[in-house]
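*Asks:* One structure coming up, written as structure tokens, with questions to follow.
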Amino acid sequence: MDLTFSEEQDDLRKVVRSFLAKYSDEAQVRRLAADPQGHDPVAWRRMARELGLQGLAVPEEYGGSGFGYVDLGIVFEEAGRALLCGPYFATVALAAEALLRCDDEQARRDLLPGIASGATVATLALTEDNGRWDEPGIRLTARDTAHGWRLTGAKTYVPDGHLADLLLVAARTAPSGVSLFAVDADAAGLQRTVLPTLDQTRKQARVEFTDTPARLLGSKDEAWPALERALATASVLLAAEQVGGATAALDAAVDYAKIREQYGRPIGSFQGIKHKCADMLMEIESARSAAYGGLWALDAGDETETAIVAALAQAVCSEAFTKVAGDNIQVHGGIGFTWEHPAHLYFKRAKSSEVLLGTPSYHRELLATRLGI
């Protein structure tokens, strides 16, 4: 494992941070959080055309740039730092990864170029009312009819499901089998509703299917192993995003501790604040190690190691982000609880991300299972 970034990767971080400083500053985040769509099409197009971020890790044969996961992790870390609103996680970490891992070369050639170019907003619809991210939790059914496959049921907590052009849907095609389907946004029998959630910087939707036409991707009944690998990748990328968010929260706490005075001295000079900030840093550095370890495992192509480290990273980074975001509010005192201060935005993102791909307890259980404990 190489524990340093290359000069090119450092430059990538600078470019992405500069872009997000303009298109994802606090005013923009607040505006999009209040917007039912939660998405800036102008920023989305510029991310694709000028920076190539949607296709960064998509192989060149599918219209992408073919960079590695460490590079992509840098982008997600900066996105988390800036609380980027919009369908980047849903499109890149969930949908694109599901396509890359499903056994359907034609689907990759048909669908990935649109994602890589920014023309297609996509998402993965997996969880249902039970809130589970495992195979037994999938209950939506698919029927093979004379007119093709049809889906019936509902998915919920679908990231950016309200605006996605393309939905990749996990459905049960046999009592013991799960298949993956592609559904267009204008498909008949499709109904989408934005959900009222704690974190409005990342919209989630309920998606209902009523005899909705769908395209089977890959082999019938055999999608779960590919979905499991895609979810492991998404867990690592979410961990990188959580590290970025936690780092921003620590920076805000330290900056405030330097200027806020009590009894004629900065509060950062008091032992209690010093210790709290030091503990926040330790949480972040432990989380960063776990997230980076997952990114390097992905680039090494070691699926067994990735599955293990992904579960570890998601458990550690979820809790670290929530802890640091909460401590940031404590350092700020009364103002940290108010709507006017951005500290609450990071705390809400932290709590939402903590359960986005399953709770820390769920990922610890996955870790124990994958270690054979």
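The values are calculated or read from the model by the stated rules, or taken from the named source; none is laboratory data. In this text, all values refer to a predicted model and were calculated from it rather than measured experimentally. A quick note on method: Cβ atoms are made from the backbone with ideal geometry, for glycine too, and the neighbour counts reach across all protein chains shown. Please note that ligands, DNA and RNA were not included when accessible areas were found on the heavy atoms of the full protein model with its side chains. Shrake-Rupley method; radii C 1.70, N 1.55, O 1.52, S 1.80 Å.
*Asks:* Output the residue which, of all residues in region 231-273 that are polar (S, T, N, Q) and part of a helix (DSSP H, G or I), is farthest from residue 336 (Cα to Cα). Reasoning before the result, please.
*Replies:* So in region 231-273, the residues polar (S, T, N, Q) come out as 233, 235, 242, 247, 262, 269, 271.
Going one step further and asking which of them are part of a helix (DSSP H, G or I), we end up with 233, 235, 242, 247, 269, 271.
Numbers: 233: 34, 235: 29, 242: 20, 247: 17, 269: 19, 271: 20 Å.
Here the residue is 233.
*Asks:* Which residues, taken from region 254-289, are closer than 30 Å to residue 234 by Cα, of a type outside the set (A, V, I, L, M, F, W, C) and touching a residue at least 24 places away in the same chain (Cβ under 8 Å)? Full working, then the answer.
*Replies:* First, pick out the residues of region 254-289 that are closer than 30 Å to residue 234 by Cα: 277-289.
Next cut, of a type outside the set (A, V, I, L, M, F, W, C) only: 279, 283, 285-286, 288-289.
279, 283, 286, 288, listed by residue number.
*Asks:* What's the number of the condition residue 271 fails, among (1) more than 26 Å from residue 75 (Cα to Cα); (2) open to solvent by less than 30 Å² (accessible area, probe 1.4 Å)?
*Replies:* That leaves (2) as the condition not met.
*Asks:* While we're on this one: Just checking, which of 163, 168, 180, 151 is outside any strand (DSSP E or B) and touching a residue at least 40 places away in the same chain (Cβ under 8 Å)?
*Replies:* Details: 168 fails: outside any strand (DSSP E or B); 180 fails: outside any strand (DSSP E or B); 151 fails: outside any strand (DSSP E or B).
Only one candidate qualifies: 163.
*Asks:* Follow-up. Out of 123, 152, 145, report the one residue that is of a type in the set (Ser, Thr, Tyr), touching a Leu at 6+ places or on another chain (Cβ under 8 Å) and open to solvent by 10 Å² or more (accessible area, probe 1.4 Å).
*Replies:* 152
*Asks:* Which one of these does residue 292 not meet: (1) of a type in the set (Phe, Trp, Tyr); (2) closer than 19 Å to residue 238 by Cα; (3) over 26 Å from the mean Cα position of the chain (by Cα)?
*Replies:* Every condition holds for residue 292 apart from (3).
*Asks:* Please enumerate the residues belonging to region 336-373 that are of a type in the set (Asp, Glu), under 19 Å from residue 200 (Cα atoms) and more than 13 Å from the chain's Cα centre (by Cα).
*Replies:* 340
*Asks:* Modelled with pLDDT of 95 or more, open to solvent by less than 20 Å² (accessible area, probe 1.4 Å), over 26 Å from residue 204 (Cβ atoms) and in a loop (DSSP other than H, G, I, E, B): is that true of residue 66 in this structure? Don't jump to the end; show me each part of the working.
*Replies:* On the way: modelled with pLDDT of 95 or more: yes; open to solvent by less than 20 Å² (accessible area, probe 1.4 Å): no; over 26 Å from residue 204 (Cβ atoms): yes; in a loop (DSSP other than H, G, I, E, B): yes.
When the stated conditions are applied, residue 66 does not pass them.
*Asks:* I'm told residue 130 meets every condition in (1) outside any helix (DSSP H, G or I); (2) in contact (Cβ under 8 Å) with a residue 12 or more places away in the chain; (3) open to solvent by 30 Å² or more (accessible area, probe 1.4 Å); (4) not hydrophobic (A, V, I, L, M, F, W, C) except one. Can you identify the failing condition by its number?
*Replies:* Every listed condition holds for residue 130 apart from (2).
A quick yes/no check of all residues on (1) out of contact with any Pro (no Cβ under 8 Å at 6 or more places or on another chain); (2) hydrophobic (A, V, I, L, M, F, W, C):
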position: 216; (1), (2): yes, yes
position: 221; (1), (2): yes, no
position: 228; (1), (2): yes, no
position: 248; (1), (2): yes, yes
position: 259; (1), (2): no, yes
position: 267; (1), (2): yes, yes
position: 273; (1), (2): yes, yes
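*Asks:* Same structure, new question: Which ones in region 189-230 are among the hydroxyl-bearing types (Ser, Thr, Tyr), part of a strand (DSSP E or B) and either closer than 29 Å to residue 276 by Cβ or open to solvent by 10 Å² or more (accessible area, probe 1.4 Å) (or both)?
*Replies:* 193, 210
*Asks:* Say whether the condition of being open to solvent by 20 Å² or more (accessible area, probe 1.4 Å) and in contact with a Phe, Trp or Tyr (Cβ under 6 Å, 6 or more places away or on another chain) is met by at least one residue in region 240-261.
*Replies:* Within region 240-261, none of the residues are open to solvent by 20 Å² or more (accessible area, probe 1.4 Å) and in contact with a Phe, Trp or Tyr (Cβ under 6 Å, 6 or more places away or on another chain).
*Asks:* If the requirement is being surrounded by fewer than 24 Cβ atoms within 10 Å (Cβ to Cβ) and not basic (Lys, Arg), which of these qualifies: 159, 175?
*Replies:* Details: 159 fails: surrounded by fewer than 24 Cβ atoms within 10 Å (Cβ to Cβ).
That would be 175, the only listed residue that is surrounded by fewer than 24 Cβ atoms within 10 Å (Cβ to Cβ) and not basic (Lys, Arg).
*Asks:* Next question. Within region 330-346, how many residues are buried (at least 20 other Cβ atoms within 10 Å of the Cβ) and free of Cβ contacts under 8 Å to residues at least 60 places away in the same chain?
*Replies:* Of the residues in region 330-346, 1 are buried (at least 20 other Cβ atoms within 10 Å of the Cβ) and free of Cβ contacts under 8 Å to residues at least 60 places away in the same chain.
*Asks:* Just name the residue that is farthest from residue 198 (Cα to Cα) out of those in region 17-38 that are open to solvent by less than 50 Å² (accessible area, probe 1.4 Å) and assigned to a loop (DSSP other than H, G, I, E, B).
*Replies:* Per the stated criteria, the residue is 24.
*Asks:* OK, next. Determine which single condition residue 305 fails, assuming it passes every other condition in (1) closer than 30 Å to residue 156 by Cβ; (2) open to solvent by 30 Å² or more (accessible area, probe 1.4 Å).
*Replies:* (1)
*Asks:* What number goes with the only condition from (1) over 24 Å from residue 37 (Cβ atoms); (2) surrounded by fewer than 20 Cβ atoms within 10 Å (Cβ to Cβ); (3) not basic (Lys, Arg) that residue 184 does not pass?
*Replies:* (1)
*Asks:* What is the number of the single condition among (1) part of a helix (DSSP H, G or I); (2) surrounded by fewer than 24 Cβ atoms within 10 Å (Cβ to Cβ) that residue 92 does not meet?
*Replies:* Single failed check for residue 92: (2).
*Asks:* Follow-up. Between 105, 8, 78, which is of a type in the set (Asp, Glu), modelled with pLDDT of 95 or more, touching a helix residue (DSSP H, G or I) at 6+ places or on another chain (Cβ under 6 Å) and under 26 Å from residue 297 (Cβ atoms)?
*Replies:* Values: 105 fails: touching a helix residue (DSSP H, G or I) at 6+ places or on another chain (Cβ under 6 Å); 8 fails: touching a helix residue (DSSP H, G or I) at 6+ places or on another chain (Cβ under 6 Å).
The match here is 78.
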